[in-house]
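This report refers to the structure that appears directly beneath it.
The values are calculated or read from the model by the stated rules, or taken from the named source; none is laboratory data. Owing to the predicted nature of the structure, the values given are computational and were not obtained by experimental measurement. Every residue, glycine as well, gets a Cβ built from its backbone with ideal geometry; the counts of neighbours run over all protein chains shown.
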Amino acid sequence: MLLEWMMNGHAILYTGVTLAFWSTILIVGLCYTIFDLGFRFDVAWFLTETSPFMWANLGIGLAISLSVVGAAWGIYITGSSIIGGGVKAPRIKTKNLVSIIFCEAVAIYGIIMAIVISNMAENFSGTTPETIGARNYQAGYSMFGAGLTVGFSNLFCGICVGIVGSGAALADAQNANLFVKILIVEIFGSAIGLFGVIVAILQTSKVKMGD
Amino acid sequence: MATRGTLRLRSISACLAVFLGALNVLNTASCDEQVPLILWTSEGISLPRQSPPAAGHIVGQQQLTSYLEKVLNEGPKNVVLFLQDKMSIEDFTMYGGAFGNKQDTAFPNLEGALMSSSSPLVLPAVSWPASNAVIGQLQDQLDTSPLYMDPETLSQLRLNGSSPALLVFRLPYGIGADLMSAKEILSGNDEVIGQVLSTMKTQSVPYTAIYTALQPSREAASLSMEAGLGGGRSLLQARGGYRERERERERQRRIKEKAGTYAPVEYKVEELTSSSCCVRHGLSTDRTICNNASFILSSLSLSFSPGGEETCILLWAKSLSVYTLRSGRWDFHDLTPSTFGEGVIPKLHGSSCDKTKAKLVLNYENVLGYLNFKLIFAMSQRHYKVSARRWFTLDTVELEYNGTKAKFNGSRNVYAPAEYSYRCESVTNFRWPLLVPRSFNDPANQWRVSFEDFQIQGFNLTGNEFSYASDCAGFFSPGIWMGLMTSLLMVLVLTYGLHMIMQLRTMDRFDDPKGPAISVPQTE
């Protein structure tokens with residue numbers, strides 16, 4: 001029975017990833033300790049030597065990809081319910097498309113933020129931490145933070161709107177009066193995505209990359 | 001005529017032998033290139049089988065002597081030596097038709113001779129000082145002086161089968177830069193070999209023939225050490241174009257040729273004035289007790305050197321060079337020969353060291369037109385709170401000349417824990433700079449310094465050897481960290497995606513295995 005449990009795909013995947021991650025950390029830590037090279041573990045060195053471009057582009061990538069994951073998840077949940085409910089109650093089709101639109105809005109927030117953040121990435125000519133300058137580092141980290149902010153907010157907003165929309169579709173199929181009230185719940189759910197966008201814009205408002 | 005000729009030849013060969021011997025002594029540097037040596041006898045003569053060297057084994061002088069002794073004891077005493085200027089085993093693999101194209105080979109006569117000989121001896125790797133001295137060795141073993149000939153003069157010579165003779169044919173190699181000409185030169189040499197061998201055959205004198213060279217024609221491929229950021233890997237930015245890389249390779253080759261083993265520059269201080277000696281010998285650090293104890297110990301002549309010197313600063317580099325900007329050009333001066341090497345004693349007046357500061361002053365004379373030139377390394381050590389350990393930094397590198405001081409700041413990049421030494425492949429102020437001029441109008445802006453394979457230690461020295469070397473290149477470079485971070489993110493995304501996909505299930509709510517199968521009619 002243990003073998004059957006192990007044969008489960010999830011179990012293999014998660015044990016594999018966890019094992020890889022923790023063994024890497026263990027071996028790296030052991031090597032630092034045994035060879036008395038602990039002085040080389042330098043977080044400041046990592047943060048100043050890695051290129052601000054990496055952080056900026058990770059932010060841009062995360063902004064769009066996490067938002068899209070949220071939107072996709074939401075649409076997948078709501079869409080299945082609408083299609084399923086629409087078999088017996090075809091009248092719900094048109095009205096419930098608004099839930100899909102709320103989910104899609106999340107993806108639109110994501111792509112708009114990705115474009116806004118990517119427009120801030122400029123070339124700079126420094127190669128050492130001194131010549132790169134504090135402003136470029138701030139730009140890189142801000143763009144990363146903004147991307148994370150908008151990405152994760154939209155991810156959870158999308159899921160939330162999706163689940164609420166799914167419930168709305170099924171409730172609407174049973175009783176047409178319920179839909180309007182449930183829409184208010186969806187609006188609240190959608191607002192949280194917007195909060196993420198606002199904060200991300202605030203984070204990148206002072207970004208000025210370049211020489 | 002013969003006696004005068006042989007006398008002159010003897011004197012020439014003696015001078016040549018001495019010159020070659022001197023060259024051998026001086027060529028201690030790169031003995032890692034090898035020259036092949038091919039030996040065969042004329043038809044019909046068979047030598048006792050000698051075990052060929054193991055693959056990859058480099059035959060040294062002693063072993064070559066023993067091979068030649070065995071051959072010359074048993075075989076014919078007429079030795080024909082084809083001595084090419086340069087040869088490497090690669091010449092044979094490239095031009096000898098070794099890849100199935102036998103018709104293109106540049107050595108038809110050589111191959112014919114080897115095949116017709118009954119006991120050829122092929123030594124693919126003879127260390128080139130040994131092959132350089134092969135004339136001398138043959139001269140000793142045959143007890144005759146070499147005759148330098150070419151094919152025309154050979155036909156006029158009457159050889160005797162019983163008396164030993166050493167005939168040397170010098171074959172050119174050429175510059176070696178142009179590939180086409182190398183093959184032509186080798187073909188030409190092979191023709192000369194063919195002519196000589198046929199002449200020997202018509203004279204029907206048994207002979208032993210040797211084909212080797214004075215020097216290898218190709219250097220062994222070396223790992224190109226690209227000095228990256230602070231001497232580390234240069235994954236991120238490949239600087240410059242092709243010409244930059246060529247210059248870099250030239251520089252590395254020049255440095256490699258210079259590399260020898262020599263002791264580091266040591267700056268010593270009087271031992272008795274520091275209490276460290278007493279601590280080392282397990283005595284108290286109180287000055288009077290220490291002095292009395294040391295006096296007693298010294299009178300008992302235990303292992304303690306009174307008035308001994310303790311090394312305080314150590315410096316080693318493969319090359320120290322400075323460049324100064326004069327009328328638009330960079331004038332170069334190499335300080336290495338006046339600092340390091342056998343029997344070189346650098347002048348260290350003005351150096352000082354104590355517990356927190358160390359200063360090494362190298363005094364030179366006549367550098368780039370300046371009468372007194374000083375290269376000063378100033379280091380300091382202190383305790384740093386955040387990392388809770390002591391670190392030392394190379395605060396400044398100064399060039400002092402004619403009263404002017406050119407200062408480079410190195411404390412930003414040149415540092416190591418105080419117990420260790422600092423080592424870096426390349427410490428410069430222009431190529432992946434670790435040293436920066438103090439200010440933008442400092443005279444240091446007119447100078448370039450370049451220290452290759454640089455190691456320095458100014459504190460916590462035990463004995464006269466460096467402590468563990470903290471290298472300026474870490475294990476992971478920034479590029480590697482960035483790659484690892486991004487890859488980790490991708491792996492997380494992949495995991496998440498896989499999780500999602502793996503939890504998709506086909507709907508089986510309405511499955512009815514016992515019911516009728518679904519029919520999809522082809523027609524309406």
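Residues in the stretch B:398-453 that are assigned to a loop (DSSP other than H, G, I, E, B) and hydroxyl-bearing (S, T, Y): B:S411, B:Y420, B:S439. Do we have A:T78 as surrounded by fewer than 16 Cβ atoms within 10 Å (Cβ to Cβ) and more than 11 Å from every other protein chain (Cβ to nearest Cβ) here? No, not satisfied. Condition check: in contact (Cβ under 8 Å) with a residue 12 or more places away in the chain, in contact with a Gly (Cβ under 9 Å, 6 or more places away or on another chain), over 10 Å from A:A200 (Cα atoms) and surrounded by fewer than 24 Cβ atoms within 10 Å (Cβ to Cβ). Does A:I159 satisfy that? Yes, satisfied.
Among the residues making up the stretch B:352-403, those that are among the hydroxyl-bearing types (S, T, Y), within 14 Å of chain A (Cβ to nearest Cβ) and more than 18 Å from B:V436 (Cα to Cα) are B:Y384, B:S387. Across the stretch B:352-379, the number of residues qualifying as crowded, with 18+ Cβ neighbours inside 10 Å and under 30 Å from A:D36 (Cβ atoms) comes to 7. For the subset of the stretch B:451-460 comprising residues that are surrounded by fewer than 22 Cβ atoms within 10 Å (Cβ to Cβ) and out of contact with any Phe, Trp or Tyr (no Cβ under 6 Å at 6 or more places or on another chain), which member is nearest to A:G126 (Cα to Cα)? The qualifying residue nearest to A:G126 (Cα to Cα) is B:D453. Screening the stretch A:1-98 for helices (runs of 4 or more DSSP H) wholly inside it with 2 or more residues that are more than 19 Å from B:T486 (Cα to Cα), more than 29 Å from the chain's Cα centre (by Cα) and of a type in the set (G, A, S) returns the ranges A:52-88. Restricting the stretch A:57-69 to residues that are away from chain B (no Cβ under 12 Å) and of a type in the set (G, A, S), the residue that is farthest from A:C160 (Cα to Cα) is A:A63. Please verify whether A:G86 is more than 9 Å from every other protein chain (Cβ to nearest Cβ) and crowded, with 19+ Cβ neighbours inside 10 Å, treating the condition exactly as stated. Taking the combined requirement at face value, the residue does not satisfy it. A:F39 meets the conditions (1) within 25 Å of A:M209 (Cα to Cα); (2) within 9 Å of another protein chain (Cβ to nearest Cβ) in every case but one. The failed one is (1).
Condition check ((1) within 13 Å of A:V197 (Cβ to Cβ); (2) modelled with pLDDT under 95) across all residues:
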{"residue": "A:I108", "(1), (2)": "yes, no"}
{"residue": "A:V116", "(1), (2)": "yes, no"}
{"residue": "A:M120", "(1), (2)": "no, yes"}
{"residue": "A:S142", "(1), (2)": "no, no"}
{"residue": "A:G145", "(1), (2)": "no, no"}
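In the stretch B:471-486, the residues that are more than 7 Å from every other protein chain (Cβ to nearest Cβ) form Cβ pairs under 6 Å with partners that are charged (D, E, K, R) and buried (at least 16 other Cβ atoms within 10 Å of the Cβ), at six or more places apart or across chains, as follows: B:D471/B:R423; B:S477/B:R233.
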